[in-house]
Amino acid sequence: MSSLITEVRRLAAERNAVIFAHNYQRAEVQEAADVVGDSLELARRAAGSDAGLIVLAGVRLMAETAKILAPGKRVLLPRADAGCPMADMITAEQLAAWKAEHPGLPVVMYVNSSAEVKALTDVCCTSANAIQVVRSLGARKVLFGPDRNLGHWIASQLPEVEVVVWDGCCPIHDQVALEAVEAQRAAHPAAKVLAHPECRPEVSAAADAVLSTSQMLRFAAADDAEEYIVVTESGLLTGLRKAAPGKRFHNVSPPMMCPNMKMTRLDHVRDVLRDLSNEVVVSPYIAAAARGSLERMTAIG
Ligand code: 13P
């Protein structure tokens with residue numbers, strides 16, 4: 001174990017802190033974490049944690065979600081500037097105007113959105129439970145945002161529901177063209193393709209399975225193939241190689257790299273634990289309004 005990991009673990013114990021890391025985080029951050037998971041798992045663990053302090057190694061929306069679900073705990077974000085371009089693609093003002101254009105329709109928002117947007121939302125979802133969340137509403141028509149690709153994936157799986165989608169996306173997933181996936185298939189003909197639902201519809205349609213990051217880990221561990229083409233952020237390959245040792249995993253070319261997820265280094269985790277800095281603050285008024293949509297999300301799927 002590196003001396004930096006030892007220092008981080010010592011500080012975490014002293015502070016009665018838990019370190020949560022998203023599956024896309026750097027390998028050394030994942031290694032030092034108490035919990036490594038997808039968005040839904042991190043949200044649920046935050047709500048259930050009995051530690052007084054949560055260090056959330058991920059992007060701001062994940063730390064805000066933890067704070068909203070666990071208002072009595074301090075939540076530290078190792079890099080205050082780790083944002084999410086997709087979350088910035090819809091503002092609360094835009095959502096309010098969109099709702100006014102479609103009065104009465106239920107609003108489902110991907111958790112990759114701001115706290116203010118969640119406060120105007122009926123129920124949030126992650127990629128792990130988006131289909132179950134929309135199905136649970138029993139509605140014939142819903143508003144879904146900000147990810148148009150996830151919205152189209154839900155619509156393809158629930159033909160009975162009309163999904164009106166906001167025009168946002170994850171630039172990292174959306175930039176992968178079907179040709180890049182097909183080129184990898186040609187190079188690795190025995191490989192199965194695992195795609196994240198933030199991918200373009202034609203990529204998801206061509207995949208063998210469309211899964212959240214943790215669902216990919218479980219799938220690869222249980223499945224009988226030996227080789228996979230993984231169409232999501234390249235940080236997941238760390239977990240995949242651990243979950244299914246001996247199997248071969250290929251990202252697309254060039255590798256998918258989220259600059260915001262990769263901002264956090266282990267020394268940043270150490271710094272916030274030592275200094276108790278970068279505490280995430282969500283206004284109590286916004287948090288109270290957003291909590292219902294997040295609690296409904298964590299209860300489903
Ligand atoms: P997961 O919830 O599948 O981990 O995805 C999070 C995310 O931000 C994907 O880009």
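Under 17 Å Cα to Cα from residue 247, which lysines show up? Leave out anything in the same chain fewer than 8 places away.
Filter leaves 192.
Could you work out the relative contact order of the chain, using alpha carbon pairs under 8 angstrom and six or more residues apart, expressed as a whole percent?
Numbers: 609 pairs, mean separation 71.0, N = 301.
The value is 24 percent.
One quarter of the convex hull surface, Cα atoms only: what value does that give for segment 131-172 in nm²? Could the numbers behind the result be given before it?
Working: hull surface 11.0 nm².
Averaged projected area of segment 131-172's Cα convex hull equals 2.7 nm².
Given the chain, what percent of its DSSP beta bridges are antiparallel, to the nearest 5?
Counting DSSP beta bridges with both partners in the chain, the antiparallel share is about 5 percent.
Treating only the Cβ atoms of Lys and Arg (+1) and Asp and Glu (-1) as charged, compute the dipole magnitude of segment 4-53 about its Cα centre; round to the nearest 20 debye. List each step's numbers first, then the result.
On the way: 6 positive and 8 negative charges, 16 e Å.
Magnitude of the dipole: close to 80 debye.
Taking only DSSP H segments of four or more residues, each worth -39500 (n - 2.57), what value at 222 nm results for the chain once the sum is divided by all its residues, to the nearest 500 deg cm²/dmol? Numbers along the way, then the final one.
Numbers: 15 runs with 134 residues, N = 301.
Value at 222 nm, helices only, nearest 500: -12500 deg cm²/dmol.
Please state the charge dipole magnitude for segment 82-190, taken about the Cα centre, from unit charges on C-beta atoms (+1 on K and R, -1 on D and E), reported in debye and rounded to the nearest 20. Before the final figure, lay out the partial values.
Values: 7 positive and 12 negative charges, 67 e Å.
Here segment 82-190 has a charge dipole of around 320 debye.
Could you list the square roots of 5 times each eigenvalue of the Cα gyration tensor of segment 1-115, that is, the equivalent ellipsoid semi-axes, sorted largest first and rounded to whole Å?
On the way: eigenvalues 201, 41, 24 Å².
Over the Cα atoms of segment 1-115, the semi-axes work out to 32, 14, 11 Å.
Ordered by packing density, taken as the mean number of other Cβ atoms within 10 Å over each peptide's residues, highest first, how do 256-268, 154-166 rank? Mind showing how you got there, number by number?
Numbers: 256-268: 18.7, 154-166: 16.2.
Result, highest mean Cβ count within 10 Å first: 256-268, 154-166.
Any idea what Rg and Dmax come out to for segment 66-207 if you just take the C-alpha atoms, in Å?
Every Cα atom of segment 66-207 included, Rg and Dmax give 16.7, 52 Å.
Ranking request for peptides 200-213, 138-151: highest mean number of other beta-carbon atoms within 10 Å first, then the rest in descending order. Before the final figure, lay out the partial values.
On the way: 200-213: 19.6, 138-151: 21.9.
Answer by packing, highest mean first, reads 138-151, 200-213.
Taking amide H positions as placed in the peptide plane 1.01 Å from N, state which residues far from residue 36 in sequence (5 or more) or on other chains have amide H under 5 Å from it.
21
What lysines sit close enough to residue 67 to cross-link, taking a C-alpha to C-alpha distance under 27 Å and skipping anything fewer than 8 places away on the same chain?
99, 118, 262
Dimensions of segment 160-301 along principal axes (Cα, Å, largest first)?
52, 46, 28
Can you give the convex hull volume per residue for the Cα atoms of the chain, as a whole number of Å³?
On the way: hull volume 36.7 nm³, N = 301.
Measuring per residue, one finds 122 Å³ for the Cα hull of the chain.
Treating only the Cβ of Lys, Arg, Asp and Glu as charged (+1, +1, -1, -1), what charge dipole size does the chain show about its Cα centre? Round to the nearest 20 debye.
On the way: 31 positive and 35 negative charges, 134 e Å.
Dipole magnitude for the chain comes out near 640 debye.
With θ taken as phi - 60° and the coefficients 6.51, -1.76 and 1.60, list the Karplus ³J(HN,Hα) couplings across segment 205-222 in order, rounded to whole Hz; mark glycine and proline as x.
Taking θ as phi minus 60°, the curve returns 5, 8, 7, 6, 8, 10, 8, 5, 4, 6, 4, 5, 4, 5, 4, 5, 5, 9 Hz for segment 205-222.
Read-outs throughout are calculated quantities, based only on the coordinates presented, and are distinct from any laboratory measurement. Note that the coordinates shown come from a computational prediction; the quantities given were computed from them, not determined experimentally. Every residue, glycine as well, gets a Cβ built from its backbone with ideal geometry; the counts of neighbours run over all protein chains shown.
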